[in-house]
1. Could you work out how far helix 230-242 tilts from the main Cα principal axis of the chain, as a 0 to 90 degree angle to the nearest 10?
2. Going by average Cβ density within 10 Å per residue, which order do the peptides 208-221, 97-110, 121-134 take, highest to lowest?
3. More than 20 angstrom separation, counting every C-alpha pair in the stretch 23-174; what % is that?
4. Quick one: Cα convex hull volume of the stretch 100-215, Å³ per residue?
5. So for the chain, averaging the separation of alpha carbon pairs under 8 Å that are six or more residues apart and normalising by length, what relative contact order in percent results?
6. Rg and Dmax in Å for the stretch 63-152, alpha carbons only: what are they?
7. Over all distinct Cα pairs, what is the inverse of the mean 1/r for the chain, reported as the Kirkwood hydrodynamic radius in Å?
8. Please get the size of the charge dipole for the chain, origin at its Cα centre, with Cβ charges of +1 on Lys and Arg and -1 on Asp and Glu, quoted in debye to the nearest 20.
Amino acid sequence: MSDHDGLDLARDQPAIDLLAAYGELQQLLISSPDMAAFLDELAVLAVGVLAPAASCGITLRRDHQLFTAAASSQLASQVDELQYGRGVGPCLQALHTGQIVVVPDLAADDRWGDYRLHAIAHGVAASISLPLTTDASTIGAINLYATSAHQFTETEVDRVTAFARQASGAVSLVLRQADQSRLHGQFREALAARAIIDQALGLIMGQRRCTAGEAFTVLREASQNRNVKLAAVAADLIVTATGHPPEPPRPFGDGR
């Protein structure tokens, strides 16, 4: 089934009540196994709020880079990428200004250079781009595309705007959780490296009958001379001296 077929089917679906959409959004926060799954379902839910006939792409800005984190159809993903490549478009304007950008009829809109011609060639006739804003900063945008002009009424724009405000908080929470998970992983790696280095220092101190500071100097100089990370040099030393790999660190969170 083509993207346009999917949009035609959406015309037969009633829009989701806002209160029901908020309930589904909260349920997604609870039940989604990871960030990717949450954003995929969020894109589908946004289409439901604006039904009929919309395709949704969710743009995120992370580490100064823009990417489409989820899309309800290939159409949305393609038109999002079109804007990233050209550096202009309603999605980017919403991101840069923090303001909603409504395009009732793309054929009659001369903003954003030749973006219009390429987007129309993909089948887009109208769009709404809504910033995802939290703590006074814009972290992304929800982009909704339609294949018919003048399809978004003022009431529908108000509905999806209210939904985007709720979605902003949800996306912010999911990103924060993802960051915490990444930091947790980095902390575990740091603990593992520290355990290996400590084992190597113990070996050097025993072999050379030196202090911990002197043993660390030996290990650091070997790391610099070989241009290899300290933990890797420590692991090699342990294997050479004992014939066995380093002992694994105690599990993180083990209170014993």
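1. So the inclination is approximately 40 degrees.
2. Output ranking for 208-221, 97-110, 121-134: 121-134, 97-110, 208-221.
3. Of all Cα-Cα pairs in the stretch 23-174, 41 percent lie more than 20 Å apart.
4. 181 Å³
5. Once normalised by length, the contact order is 15 percent.
6. 12.2, 37
7. Taking every pair of different Cα atoms in the chain, averaging 1/r and inverting gives 21.5 Å.
8. Charge dipole of the chain: 1440 debye, to the nearest 20.
The values are calculated or read from the model by the stated rules, or taken from the named source; none is laboratory data. Remember, it's a predicted structure, so these values are computed and weren't measured experimentally. Backbone-built Cβ (ideal geometry, glycine too); neighbour counts: all protein chains shown. Accessible surface areas use protein heavy atoms only, side chains included; no ligands, DNA or RNA. Shrake-Rupley method; radii C 1.70, N 1.55, O 1.52, S 1.80 Å.
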